[in-house]
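> Below is the structure I would like to discuss, written out as structure tokens.
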Amino acid sequence: MSAIHAAAFSAARLNTYPINLFELVPKLRLEMEPELAELDRLLDDEALFETVKADLSRRRPNSERLGRHSTPVEVILRMLVVKRLYGWSYQQTEHFVSDSIVLRQFCRLYLQSAPDDTTLIRWANLIGAQTVAALNDRAVELARSLKVTRGRKLRTDGTVVETNIHHPTDDTLLADGVRVVSRLVRRAKDLINERVRKEHKGEPFRNRTLSAKRLAHKIGRMALRRTEEAQASYQSSYGRLVEVARASIKQAGRVRALLEEVPSAAKISEELSHFAQLLERAISQTRRRVFKGEQVSAKEKLVSVFEEHTAIIRRGKARKKTEFGRKVWLSEVDGGIVSGFWILEGNAGDEAQLEPALEDHLRLFARAPELVAADRNVHTKENEWLAKEMGVKKVCLPKAGKKSAEREEYEQQRWFKRARRFRAGIEGRISVMKRREYLGRCRDRGEEGFGRWVGWGVL
């Protein structure tokens, strides 16, 4: 292939050739909203495109040098930003971007057709959580260069982002596990040779979904009644549901053995193994809680077979005493820039998050903030001492409970009161991120998808 042909078929494109659609329609007054205008400036940065390009190239590594031109990375990134900014689905994003001259200009699509929604989904799933975190770091770097923030003040707080699961009960966990295993077995059946299927007809490919669903419904009805007869039926139904789940696990093992001779079935075999293990955990949990009457700790509990990383979190909130998701810790600096975020394991204590917040600030700004403020759950003597050791001049960590006269005098100082008012701003920031669904219920799947959802929300 000649050099001309090689150049013509190269697919490694970061951005597009600029066209101003507004100049092509001179009689119309077309302007971007303030949010879009600011994002347009932020996203006009090749370093961002290079960061995303590495992830998009993982699926087809040779696409960087071979094949036809793909959609530029800049267009992909901007369309995904528009999706999260307005809370649209992928299908709505394709429709509204195609339909709007302003959004076409912002996404650098110009007069080209918009990518299909299924293509957007595939691209979005290729971008990893670490890459989105790197995009946020780059946004902070740009904010520093534009003097939007100097990093002199730091306020930090946490919130819970819920995973997309139904309220967990042992019976629904078992029913979900049986349903998924039965679905995978049905898919595996089509991959197995017809002769082998006839030899093993019946039991290996039996669908137990309906049996598990009926038993789960019966358990739900019996749980509302308090009679001795209802309780006996409740225990009996749980026993039968556990038997159905056990049979599904054995069934998954037999089907996996049949798939060993099918090279193309490695992925489905791995999924069968994964969900069979989760179903085994659900059975063990049910035996301990229902039959033995044990109290299973929140750290040990499985609350979903689809989002197994979900934690049980109790924060003492009046509206939601128990939440199912992950705790996310946020840092915000002066200028209204969320400079850092990280996802915590389980129901981690707030007091342990001040040191990581200060270390992250040092990484981004190369110096400690002059002021750090957090709520009373973060206060310990060790944290106050640590912050001053790291170079913070003013530490605003209100103490909970009864205070000594010396402590009361310390917290009545003018700078301390101003710092407390500054800290309250992060509560408003989190409220906006919740109401605008930036940190609403996560609709991406898996732990990687959760990290990506939070990262896009912060960006």
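The values are calculated or read from the model by the stated rules, or taken from the named source; none is laboratory data. Worth saying up front: this structure is predicted, and the values here are computed from it rather than measured. Ideal geometry is used to build each Cβ from the backbone, glycine not excepted, and the neighbour counts take in all protein chains shown. Quick note on the areas: whole protein, heavy atoms, side chains included, nothing else; ligands and nucleic acids left out. Shrake-Rupley method; radii C 1.70, N 1.55, O 1.52, S 1.80 Å.
> Looking at region 91-99, is at least one residue part of a helix (DSSP H, G or I) and under 30 Å from G349 (Cβ atoms)? First the steps, then the outcome.
As a first pass, look at region 91-99 and keep what is part of a helix (DSSP H, G or I): 91-99.
Right, trim to under 30 Å from G349 (Cβ atoms) and you get none.
No, every residue in region 91-99 fails to be part of a helix (DSSP H, G or I) and under 30 Å from G349 (Cβ atoms).
> Would you point out which residue out of G151, G158, G177 is in contact with a Pro (Cβ under 7 Å, 6 or more places away or on another chain) and either modelled with pLDDT under 95 or part of a helix (DSSP H, G or I) (or both)?
Working: G158 fails: in contact with a Pro (Cβ under 7 Å, 6 or more places away or on another chain); G177 fails: in contact with a Pro (Cβ under 7 Å, 6 or more places away or on another chain).
Unique residue meeting the criteria: G151.
> Among the β-branched types (V, I, T), open to solvent by less than 20 Å² (accessible area, probe 1.4 Å) and at pLDDT 90 or above: which single residue out of V52, V97 fits that description? Reasoning before the result, please.
Working: V52 fails: at pLDDT 90 or above.
Of the residues listed, the single one that is among the β-branched types (V, I, T), open to solvent by less than 20 Å² (accessible area, probe 1.4 Å) and at pLDDT 90 or above is V97.
> Still on this structure: Would you mind telling me which numbered condition in (1) free of Cβ contacts under 8 Å to residues at least 12 places away in the same chain; (2) in a loop (DSSP other than H, G, I, E, B); (3) not aliphatic (A, V, I, L, M) P115 fails?
All conditions are met except number (1).
> I would also like to ask the following. Within region 155-178, track down each residue that is in contact with a helix residue (DSSP H, G or I) (Cβ under 9 Å, 6 or more places away or on another chain), among the acidic types (D, E) and over 26 Å from G335 (Cβ atoms).
The initial filter retains those residues of region 155-178 that are in contact with a helix residue (DSSP H, G or I) (Cβ under 9 Å, 6 or more places away or on another chain), namely 155-159, 161, 163, 166, 169-178.
Next, only the ones that are among the acidic types (D, E) stay: 157, 170-171, 176.
D170, D171, D176, listed by residue number.
> Looking at Q91, is it open to solvent by 50 Å² or more (accessible area, probe 1.4 Å) and without any contact (Cβ under 8 Å) to a residue 24 or more places away in the chain?
Values: open to solvent by 50 Å² or more (accessible area, probe 1.4 Å): yes; without any contact (Cβ under 8 Å) to a residue 24 or more places away in the chain: no.
When the stated conditions are applied, Q91 does not pass them.
> Oh, and also: Failed condition for W456, given (1) under 13 Å from the mean Cα position of the chain (by Cα); (2) open to solvent by 70 Å² or more (accessible area, probe 1.4 Å), with all others met?
(2)
> Pairs, please: C-beta under 6 Å, at least 6 apart or cross-chain, first residue among the polar types (S, T, N, Q) and in region 145-157, second open to solvent by less than 30 Å² (accessible area, probe 1.4 Å)?
As it stands, the answer is T149/A143; T149/V333; T156/S331; T156/A357; T156/A374, since those pairs meet every condition given.
> If you scan region 142-158, which residues turn out to be surrounded by fewer than 22 Cβ atoms within 10 Å (Cβ to Cβ) and hydroxyl-bearing (S, T, Y)?
Of everything in region 142-158, those that are surrounded by fewer than 22 Cβ atoms within 10 Å (Cβ to Cβ) and hydroxyl-bearing (S, T, Y) turn out to be S145, T149.
> OK, next. Among the residues of region 313-342, write down those that are under 15 Å from the mean Cα position of the chain (by Cα) and crowded, with 18+ Cβ neighbours inside 10 Å. Give the derivation first.
Keep residues of region 313-342 that are under 15 Å from the mean Cα position of the chain (by Cα), which gives 324-330, 341-342.
Within region 313-342, F324, G325, R326, K327, V328, W329, L330, F341 meet the criteria.
> Here is a further query. Quick check on my filter: what residues within region 343-368 are small (G, A, S), closer than 18 Å to R138 by Cα and either in contact with an Asp or Glu (Cβ under 8 Å, 6 or more places away or on another chain) or open to solvent by less than 40 Å² (accessible area, probe 1.4 Å) (or both)? Before the answer, list the steps.
From region 343-368, those small (G, A, S) are 346, 348-349, 352, 357, 366, 368; that's our starting set.
From the residues that got through so far, the ones that are closer than 18 Å to R138 by Cα too are 357, 366.
Result: A357, single match.
> Moving to a separate point now. Test R319 against the criterion of being more than 23 Å from V148 (Cα to Cα), assigned to a loop (DSSP other than H, G, I, E, B) and of a type outside the set (A, V, I, L, M, F, W, C), and give yes or no. Before the answer, list the steps.
Details: more than 23 Å from V148 (Cα to Cα): yes; assigned to a loop (DSSP other than H, G, I, E, B): yes; of a type outside the set (A, V, I, L, M, F, W, C): yes.
Spelling it out, R319 is indeed more than 23 Å from V148 (Cα to Cα), assigned to a loop (DSSP other than H, G, I, E, B) and of a type outside the set (A, V, I, L, M, F, W, C).
> Taking into account only those residues within region 309-319 that are among the basic types (K, R) and touching a residue at least 24 places away in the same chain (Cβ under 8 Å), which is nearest to G425 (Cα to Cα)?
Initial filter on region 309-319 (among the basic types (K, R)): 314-315, 317, 319.
Okay, now just the ones that are also touching a residue at least 24 places away in the same chain (Cβ under 8 Å), so 314-315.
Values: R314: 23, R315: 20 Å.
Filtering first and then ranking leaves R315.
> Follow-up question, since we're still on this one. Would you mind finding the one in R376, R407, R443 that is among the basic types (K, R) and closer than 30 Å to E35 by Cβ?
R443
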